[in-house]
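Scroll down for the structure; my scribbles are underneath it.
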Amino acid sequence: MQTTSEAFDTAIGSSSRELHCKLTIQTADLETYNLTSDDIIAGSLKVNRSLFLDGFELGTCFAADMSVSLKNLNGEWDGIDLEGATVWPYSGIRLPDTTIEYILLGTFIIDEPGRPDAELSIKAADRLVLLDKPFSGVSISWPATNYQILQAISTHCSVPLATSVSSALHMGYSVTASPVGDYSCRDIVEQICIMAAGFGRMSRIGEFEIGTLPDLTGETFEVNLTTANRFAFRQTSEPVTITGMTYKDIQETVQLGTEEYSLNIETLGILQANRDTVLAAIWSEISGYTYVGFESEYPGNPAIDVGDSIYQLTKDEREIVSLISGHNFVHGGSCKLTAVMRPKLAADWAAKNTKRLTAIAQKLDTTENTLTSFQQASAQMSDLLTIGLGLYRTEEVLEDGSAIQYMHNLPLLSESDVIWKQTALAWAYSTDGGTTWLGYD
């Protein structure tokens, strides 16, 4: 779940809300357009994210989709080429102090710019679609670790990696030789995510990260819904526990746990050594994982992510604990949260990974778009500057009248996770609320 202020959390749960949205669009020739609610057709801004589609899975890398319609009564968008442009949508709410707190919904590539009329309808997907390129084109020396493979794919496909990826499970695993088969880069990334006992997704700022299953055994949850802040709730399954993991190797099938409700994993081309040790480590992460299938409509919260834990209190006061596997967010409209679960009695249950190859990815397959590491880093920095999320300032005045300066991402320093601190001798930053710091003298 995205970090928000207490004021935002209170306002978003209120029955009386003043919502605002905005967009930043940057075309392929770096022309930038900053749009407000006045430029956007009401109710048209939508973002859809999925963790898995047909029952419990590992390793999924589904691209998030975004759509929006822009006003074009006076021909504002006539003649502007938006194909391949980057768009950053925001959803915000008016706070009690009259300011608006915006939440970035993601970083998307426009693949269907539509045809300008009275309205201009845009469809976009996040950068995971750029992984739909043949893995055979990736330049890499063998043997290579999973992390080195991800770095090579990142450079080849222009998909930046989040720093957190390096600490995921089995990132140091060494792959002896290039996997045999007609794999795409997405296929290999999904295999690495399976070995990490997680799933791949793009962060809101456009970096690839590996998420893991949320803890559902504690007393606190990232999302809390009751009859007061949702429209409808339907439980679609009783609690189901993952009882086993079935790995179909080339010559044999390996079963961990029982087959009662077992996760099926096809042969991993990169799992070339220490198979049983790796499988045991994956199984230890998911063994006994239990959640409930559900569908729930609610007024909408742009900070919610797929993979968040959720607590729901039903109208008959039953407590439902689960994870969010799907989030259909509509700015200003009815939104939907889901947890997809196949019932135990479903015959031949097996997870299938569905890929989305968009028009923009197809075009990129036929053109040379690989950037050097320096070019990619420069482009990533340009994106972060274009996103333009502002900072708040706090001063800590010392006895001699001087001050330590803080800049932070939420209105209150105490609630912020991104903090910049400046003294007379050093400049430092923290991304975990001040627990750890990096800096420069």
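The values are calculated or read from the model by the stated rules, or taken from the named source; none is laboratory data. Quick caveat: nothing in here was measured; it's all calculated off a predicted structure. All Cβ positions, even for glycine, are placed from backbone atoms using ideal geometry, and neighbour counts span all protein chains on display. These area figures cover heavy atoms from the full protein model, side chains too; ligands, DNA and RNA do not enter into them. Shrake-Rupley method; radii C 1.70, N 1.55, O 1.52, S 1.80 Å.
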Problem - Residue check, Asp126 surrounded by fewer than 17 Cβ atoms within 10 Å (Cβ to Cβ) and either touching a residue at least 12 places away in the same chain (Cβ under 8 Å) or more than 28 Å from Val306 (Cβ to Cβ) (or both) - result: no
Exercise for the section: Please determine, by comparing only the residues of region 416-434 that are among the β-branched types (Val, Ile, Thr) and touching a Gly at 6+ places or on another chain (Cβ under 9 Å), which one is surrounded by the fewest Cβ atoms within 10 Å (Cβ to Cβ). Expected result: Val418
Practice task
Looking for whichever is open to solvent by 10 Å² or more (accessible area, probe 1.4 Å), part of a loop (DSSP other than H, G, I, E, B), at pLDDT 90 or above and of a type in the set (S, T, N, Q) here; the options are Gln251, Gln255, Gln272. Which one fits?
Solution key: Gln272
Practice task
Kindly state which strands (runs of 3 or more DSSP E) lie completely within region 10-66 and contain at least 1 residues that are touching a helix residue (DSSP H, G or I) at 6+ places or on another chain (Cβ under 7 Å).
Solution key: 19-26, 32-35
Completion exercise
Picked from region 284-335 (must be polar (S, T, N, Q) and buried (at least 22 other Cβ atoms within 10 Å of the Cβ)), the residue farthest from Asn224 (Cα to Cα) is Ser325
Handout entry: Flag if Thr277 is open to solvent by 70 Å² or more (accessible area, probe 1.4 Å) and at pLDDT 95 or above
Key = yes
Fill in the blank from the handout: Apart from one, (1) touching a Leu at 6+ places or on another chain (Cβ under 6 Å); (2) surrounded by fewer than 17 Cβ atoms within 10 Å (Cβ to Cβ) all hold for Ala196; the odd one out is (2)
Exercise for the section: Being surrounded by fewer than 20 Cβ atoms within 10 Å (Cβ to Cβ), touching a strand residue (DSSP E or B) at 6+ places or on another chain (Cβ under 8 Å), among the charged types (D, E, K, R) and not in a loop (DSSP other than H, G, I, E, B) narrows it down to one of Glu190, Glu209, so name that one. Expected result: Glu209
Handout entry: Within region 134-159, tally of residues that are buried (at least 21 other Cβ atoms within 10 Å of the Cβ) and under 19 Å from Gly206 (Cβ atoms)
Key = 6
Practice task
Being among the polar types (S, T, N, Q) and over 19 Å from Val138 (Cα atoms) is the filter; apply it to region 164-187 and report the residue that is surrounded by the fewest Cβ atoms within 10 Å (Cβ to Cβ).
Solution key: Ser167
